[in-house]
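Enquirer: One structure, pasted below without further comment.
Each value in this text was obtained by applying a stated rule to the coordinates, not by laboratory testing. Treat the numbers as computed from the prediction; the structure is a model and nothing was measured. Neighbour counts are summed over all protein chains in view; Cβ atoms, including those assigned to glycine, are modelled from backbone coordinates with ideal geometry.
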Amino acid sequence: AKEYGKNTFVYFNNSINEKLMEKIQTQSELRKAIENNEFMVFYQPQMDLQTDRIVGFEALIRWNHPEKGIIPPGEFISLAEETGLIVPIGTWVLQEACYQLKQWEDMGYTNLIVAVNISVRQFKDQDFVQMVKTVVEETGVNPSCLELEITETIALQDMEYTISIIEKLREMGVVFSLDDFGTGYSSMSYLKRLPVNNLKIDKSFLDTVLDSRSDQSIVKTIISLAQTLDLTVIAEGVEKDEQGLFLKKAKCNKAQGYLYSKPLPKEEAEEFLKKV
Ligand code: C2E
Ligand code: CA
Ligand code: CA
Ligand code: CA
């Protein structure tokens, strides 16, 4: 590009290099983070809207970086996905979450659910089913208390394969939720074919639900669609009382959001469990 001055070109080049270097550094740090035990799982409560009691937690990863402190998943999950590191990281999250769930089960919380996010790369890994089986067996958790959250993008390439993997794990008792519902493509046709148990309404719908009647109709329509298909519905990103009230009236089953609690480290999650 001749029209750019020499300096501009050099500057442009440097900033690309900087970004690339940063990425390479994060990548190598990410590689070591598992061995160095730098990941943590936080737990965000999921509430039953009819009883106002806690029914489970969503497990959400955090990276406790030695210099940078706690890094949210938004800053490293896509890189982990790109490099394939999400496969061992995801296995670690599942192990940690199941180990914790087992401890809570042993404390008497036998119906408590823990939901774990599964990325596309992880789901498509040829050892995925066996990995989940092994973790369930080794930790001794009740598989029907384990939920796996997947997104529609998982089904994009090969629907038959996706269905077969879900069915294999469901035979063991494992439960599936379709995450971020409404944000992907052809939601309706996928939803009909995917053998999932639950549907999570994306936060973006909750953000606008108090604004207009048409936004309210959309959420109500998603809830009744789910119920027609025999799915339970959970709303995420619930921040205001009025949103919770609206969902309760609309007969949404569960809700998750800052209104009830932020994601908590395991000790605080346990305190929450004892209180609510
Ligand atoms: P997600 O699965 O949609 O998770 C919900 C995100 O919304 C979480 O962000 C949660 O902290 C946040 N959230 C919950 N309630 C509220 C609310 O009321 N208001 C607002 N503003 N935010 C709320 P987080 O923990 O930063 O995770 C971001 C994303 O990173 C997750 O989105 C998920 O896609 C991914 N992720 C997190 N943990 C894992 C993991 O272990 N494996 C994989 N593959 N992805 C993960
Ligand atoms: Ca999720
Ligand atoms: Ca979500
Ligand atoms: Ca989301």
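Enquirer: In the chain, what percentage of the DSSP-assigned beta bridges are antiparallel, given to the nearest 5?
Expert: 40 percent
Enquirer: I would also like to ask the following. Using the number of other C-beta atoms within 10 angstrom as an exposure proxy, rank F205, F76, F181 with the fewest first.
Expert: Exposure proxy ranking, most exposed first: F205, F76, F181.
Enquirer: For region 254-260, just list the computed ³J(HN,Hα) in residue order, Karplus coefficients 6.51, -1.76 and 1.60, θ = phi - 60°, integers in Hz, with x standing in for Gly and Pro.
Expert: Calculated HN-Hα couplings, in order: 9, 8, 9, x, 4, 3, 8 Hz.
Enquirer: Which of L225, L20, L206 moves most in a GNM of the chain, Cα contacts under 10 Å?
Expert: L20
Enquirer: In whole Hz, what ³J(HN,Hα) sequence does region 39-53 give by Karplus (6.51, -1.76, 1.60; θ = phi - 60°), x for Gly and Pro?
Expert: Result, rounded to whole Hz: 8, 9, 10, 9, 10, 9, x, 10, 9, 7, 6, 7, 9, 6, 9.
Enquirer: For the chain, what is the convex hull volume of its Cα atoms per residue in Å³?
Expert: Hull volume over Cα atoms, normalised by residue count, gives 174 Å³.
Enquirer: I want the antiparallel fraction of DSSP beta bridges within region 9-118, as a percent rounded to 5.
Expert: Within region 9-118, antiparallel bridges account for around 75 percent of the total.
Enquirer: What's the extension gain from L79 to Q103 if we count 0.36 nm per residue and subtract their Cα-Cα distance?
Expert: Here the answer is 5.5 nm.
Enquirer: Still on this structure: Using helices alone, what [θ] at 222 nm do you get for the chain, with -39,500 (n - 2.57) per DSSP H run of 4 or more residues, divided over all residues and rounded to the nearest 500?
Expert: Here the helix-only value at 222 nm equals -16000 deg cm²/dmol.
Enquirer: In addition: So if R0 is 45 Å, what FRET efficiency would K19 and D230 give, r being the distance between their Cβ atoms, rounded to the nearest 0.05?
Expert: Efficiency at R0 = 45 Å is approximately 0.45.
Enquirer: Gain in length, M40 to L210, computed as 0.36 nm per residue apart minus the alpha-carbon separation, to one decimal in nm?
Expert: 57.8 nm
Enquirer: Compute a Gaussian network model of the chain, connecting alpha carbons closer than 10 Å, and tell me which residue from E18, E105, E35 fluctuates the most.
Expert: Result: E18 has the largest fluctuation of those listed.
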